[in-house]
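Here is the structure we will look at, set down as structure tokens.
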Amino acid sequence: MIGHAFMGAAHSHAWRTAAHVFDLPLRPVMAVLCGRSVTSATAERLGWKTVASDWQDVVTRDDIDLVDICVPGYLHEPIAVAALGAGKHVLSEKPLANTLAEASRMAAAAGPADATAMVGFNYRRVPAIVRARTLVASGRIGDVREVRASYLQDWLAGPSAPWTWRMSADQAGSGALGDIGSHIIDLAQYLTGSLVSGVSAISETFTKERPGGTVSVDDAVAFTARLSGGALATFEASRVATGRKNGLSIELYGTEGSLAFDLERLNELRVSGQRVLVTEPDDPYLDAWWPPGHVLGWDATFVHQVRDLVTGIADGTDPAPTFADGLAVQRVLDAVARSASNEAVWTATATS
């Protein structure tokens, strides 16, 4: 695994846990943790055997079969392309890349590769979200007419919050748009089975200077969209929404019913207004966990991600979301950024 901060800790927990929860066809061996400043103490705490400082050496090592990328976005493409070229399986955090060109090269590298490549949109692994996808696909809510999605956080609401790499366009690509907006774009496309075909967007950077540096990305973004299946959609992503910590919600309205999900009530799904607790053994992933009503947490989504990735590697299949799925999200991010920057009324997403 390359990177060892917030996402590195979440992924490490999942790699440690998955084989203890699920009967995996292959057992992960946490061989090496890579980072410029990683210490042996950090590796031991997170469950890794050894440490390394140079990712270019790590991705070509004979004892490494899979590379897990948990670093800032500007490094995703070079690491992923090198790892795939060396025959390694790859798990890359989202969004797939900082730019559409980078994401396109990553998807192109994954296409002919013998290895598996997955992008880490972990909210696809919430059991209630998988249940929602099944209900939409079965026609339970009829034809989807409207989608409403938001992801709201407040960790940058105060102007004194210090500058980090997530506030640099060079390192992160975008702000709230790519960091958390990519999740709700992916969920909308995953749940409906449709792609975003056009957008009209606005964005704002409310605090342009922070302790430690200049902010070159958005604090908040909002956009309307049309889906290829005909539905209308609204999206909002903010890292300055005072009072909201990790507020992801998505609602689908169809001709025969509706679905609503709120990440802060992760084990529930509202079906045409009725609360459904998604904790039964026949619900996705839950046969391996606890008795009904014993709820799961945010960390379980990463455990499920490892389960699906390892199973896909053993089966020789490409578990979704693939790099092609990540590229589909990147096209929307690119269109939103272009629309917001020139205040166009409507900007079509790129087709390549």
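The values are calculated or read from the model by the stated rules, or taken from the named source; none is laboratory data. Note that the structure is predicted; figures quoted are calculated from it, not measured. For neighbour counting, all protein chains shown are included, and Cβ atoms are generated from backbone atoms with ideal geometry for every residue, glycine included. These area figures cover heavy atoms from the full protein model, side chains too; ligands, DNA and RNA do not enter into them. Shrake-Rupley method; radii C 1.70, N 1.55, O 1.52, S 1.80 Å.
Quick grid of which residues meet (1) closer than 24 Å to GLY297 by Cα; (2) part of a strand (DSSP E or B):
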residue	(1), (2)
ARG133	yes, no
GLY142	no, no
ARG145	no, yes
ASP154	yes, no
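Residues of the range 164-181 that are in a loop (DSSP other than H, G, I, E, B) and touching a Ser or Thr at 6+ places or on another chain (Cβ under 8 Å): SER168, GLY173, GLY175.
When you check VAL51 against the structure, is it open to solvent by 10 Å² or more (accessible area, probe 1.4 Å), at pLDDT 95 or above, under 20 Å from THR164 (Cβ atoms) and not in a helix (DSSP H, G or I), yes or no? No: the conditions fail for VAL51. Residues that are polar (S, T, N, Q) and free of Cβ contacts under 8 Å to residues at least 60 places away in the same chain were ranked within the range 54-95; the one that is surrounded by the most Cβ atoms within 10 Å (Cβ to Cβ) is THR60. With respect to being crowded, with 17+ Cβ neighbours inside 10 Å and of a type in the set (Gly, Ala, Ser), ALA5 falls outside the description.
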